[in-house]
1. Give me the net charge for the shell around Met129: Cβ to Cβ below 14 angstrom, other residues only, Lys and Arg +1, Asp and Glu -1.
2. Given the rule -39500 (n - 2.57) for each run of at least 4 DSSP H residues, summed and divided by the residues of the chain, what is its mean residue ellipticity at 222 nm, to the nearest 500 deg cm²/dmol?
3. At most 14 other C-beta atoms within 10 Å and a DSSP loop state: those are the exposed GluC sites (Glu not before Pro) I care about. Give me the longest piece of the chain that has none.
4. Would you work out the relative contact order for the chain, in percent, from Cα pairs under 8 angstrom that are 6 or more residues apart?
5. Which value in nm describes the separation of the simple spin-label points at Asp142 and Ile47, placed 7 Å from the Cα toward the beta carbon?
6. Taking 7 Å along the Cα-to-C-beta vector as the label spot, tell me the Asp153-Asn27 distance in nanometres, rounded to one decimal.
7. Once label points are set 7 Å from the Cα along Cα→Cβ at both Arg117 and Lys38, what is their separation, rounded to one decimal in nm?
8. Not counting the cut sites, what is the longest span of the chain without trypsin sites (Lys or Arg not before Pro) that DSSP labels loop and that have at most 11 other Cβ atoms within 10 Å?
Amino acid sequence: MPQAKNHSKTYSKALVLLGSNVTYALNESAELVRDAVKCLSARGLRITSISPYYSTACFPEGAGPDFINVAAQLEVESDPDQILSELHQVEDLFGRERPSRWAQRSLDIDLIAYDDRIAPNRQTFLHWMNLPLERQMKETPDQLILPHPRLQDRSFALIPLADVAPDWRHPVLGKTIKEMADALSDDAKNEVSPFELG
């Protein structure tokens, strides 16, 4: 008797970071992020883990109100470009505009990592990872870069992500999210504070 074929689906893990600094009223930004998380679920994106809410200092300093950030781990079937397109559609539903680099925004959803994928290739990733800050403020890639090339530098990403995927290992740097978060300076860690949604 022939064996039945195994039709179980193969899922990938995607790490995303949601943020908003729509107003100086942090509770309003937090409510918007909460609604965006619900929207992701409603659109069929399977959220397997979500971090607490964090209040994080705006980057670069003085560019606008502080952010509310939340990290989530998704279980996905689609490829990274399709996932990014879905995230951008959710941003658009919440009125996201992109007037300038690091402008104040209603909703920002970044695809931080997709399994241990390096995209589009290691050379391009290294170019963007090593880009000096003054060029970061003027230049943006015209394609998806994975993992996010500034992940290792950003407390507002690492600290929430450490809640949902502490053991995810950077495919280029070889460090886990927890290791990168632990290595942050005290000043960087102090820029990220737990926030209770009222």
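Taken together, the values in this text are just the output of simple stated rules run on the coordinates, not laboratory data. From a predicted model like this one, the values you see are computed outputs, not experimental measurements. Cβ coordinates were reconstructed from backbone atoms using ideal geometry, including for glycine residues, and neighbour counts include every protein chain displayed.
1. Numbers: positive: Arg122, Arg135, Arg150, Arg154, Lys175; negative: Glu139, Asp153.
Cβ neighbours under 14 Å give a net charge of +3.
2. Values: 7 runs with 64 residues, N = 198.
Computed mean residue ellipticity for the chain: -9000 deg cm²/dmol.
3. Working: sites that count: Glu61, Glu77, Glu97, Glu139, Glu196.
Result, exposed sites excluded: 1-60.
4. On the way: 334 pairs, mean separation 52.8, N = 198.
Reported as a whole number, the value is 27 percent.
5. With each label placed 7 Å out from Cα toward Cβ, I get 3.5 nm.
6. With each label placed 7 Å out from Cα toward Cβ, I get 3.6 nm.
7. Simple spin-label model gives 2.9 nm for this pair.
8. On the way: sites that count: Lys5, Lys9, Lys138.
For trypsin sites (Lys or Arg not before Pro) (loop position, at most 11 other Cβ atoms within 10 Å), the longest site-free span of the chain is 10-137.
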